[in-house]
Amino acid sequence: MFTPSARADTAVNTTAAFTFSGTNTCVIPAEDFAGTGGLHVIVSSSLSTDGMVHSHLKANFQGMQATALISGKKYQVPASETDSYEFDTPDFAPFHTTFEFMVQFIRVGEGGTYIFGDDFFEHFLAHATINANGVVTVDDLTDDTRCQ
């Protein structure tokens, strides 16, 4: 007789170097920058005894720093991202997902020139839930972007 059992897969854990570019619109004129950092990713999943699949992705950006292309101003960039997916098999309902990231571009050596700050900050959060009948019960999105 088949007896369902919980199964947890081993997490995959890796780090990779990368380059990035962007624009800080908190300063006038807007300032383009380029930088480097490390992306640390952990991916895991499991299957519970009741058939629910749980999948998680966590990304942390490590040691990110950038330099403004014209002014030479330095930036420190703390950031993180978390994604999770949970669904029932084989019909994928119920289903829950959450995606969240936070990033801040901190312009080193702020001199008080900019009243609202010269650092760019963004926090993004999206969440959705579908019940066992396939009906969306939560569909939420927030995005907080500001200069500080």
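The values are calculated or read from the model by the stated rules, or taken from the named source; none is laboratory data. All values derive from a computational prediction rather than experimental measurement. For neighbour counting, all protein chains shown are included, and Cβ atoms are generated from backbone atoms with ideal geometry for every residue, glycine included.
Sub-9 Å Cβ pairs linking a first residue in the range 127-148 that is under 30 Å from Val27 (Cβ atoms) to a second residue that is exposed (fewer than 13 other Cβ atoms within 10 Å of the Cβ), at least 6 apart or interchain, are Arg146/Phe116; Cys147/Thr25; Cys147/Phe116; Gln148/Phe116, ordered by first then second residue. When each of Ser84, Ser80 is tested for being more than 24 Å from Phe20 (Cβ to Cβ), of a type in the set (Gly, Ala, Ser) and touching a strand residue (DSSP E or B) at 6+ places or on another chain (Cβ under 7 Å), the lone residue that passes is Ser84.
Among the residues of the range 135-148, how many are touching a strand residue (DSSP E or B) at 6+ places or on another chain (Cβ under 9 Å) and either of a type in the set (A, V, I, L, M, F, W, C) or over 19 Å from His123 (Cα atoms) (or both)?
Filtering the range 135-148 down to residues touching a strand residue (DSSP E or B) at 6+ places or on another chain (Cβ under 9 Å) leaves 136-148.
Applying the additional criterion that residues be either of a type in the set (A, V, I, L, M, F, W, C) or over 19 Å from His123 (Cα atoms) (or both) yields 136-138, 141, 147.
Of the residues in the range 135-148, 5 are touching a strand residue (DSSP E or B) at 6+ places or on another chain (Cβ under 9 Å) and either of a type in the set (A, V, I, L, M, F, W, C) or over 19 Å from His123 (Cα atoms) (or both).
Could you check the range 113-126 and list, in sequence order, the residues that are in contact (Cβ under 8 Å) with a residue 40 or more places away in the chain and either in a strand (DSSP E or B) or within 23 Å of the chain's Cα centre (by Cα) (or both)? Once the filter is applied, which keeps residues that are in contact (Cβ under 8 Å) with a residue 40 or more places away in the chain and either in a strand (DSSP E or B) or within 23 Å of the chain's Cα centre (by Cα) (or both), the range 113-126 yields Asp118, Asp119, Phe120.
Among the residues of the range 26-40, are any assigned to a strand (DSSP E or B) and modelled with pLDDT under 85? Scanning the range 26-40 turns up no residue that is assigned to a strand (DSSP E or B) and modelled with pLDDT under 85.
Filtering Ser45, Ser80, Ser71 for residues that are among the polar types (S, T, N, Q), in a loop (DSSP other than H, G, I, E, B) and free of Cβ contacts under 8 Å to residues at least 60 places away in the same chain leaves a single hit, Ser71.
Step by step: first the residues of the range 1-22, then only those that are loosely packed, with under 10 Cβ neighbours inside 10 Å and under 22 Å from Ser48 (Cα atoms), then the one that is modelled with the highest pLDDT. Which residue is that? Give the derivation first.
Taking the range 1-22 and keeping what is loosely packed, with under 10 Cβ neighbours inside 10 Å, we get 1-3, 5, 10, 14, 16, 19.
Narrowing further to those that are under 22 Å from Ser48 (Cα atoms): 1-3, 5, 10.
On the way: Met1: 40, Phe2: 39, Thr3: 41, Ser5: 46, Thr10: 70.
So, considering only residues that are loosely packed, with under 10 Cβ neighbours inside 10 Å and under 22 Å from Ser48 (Cα atoms), the one modelled with the highest pLDDT is Thr10.
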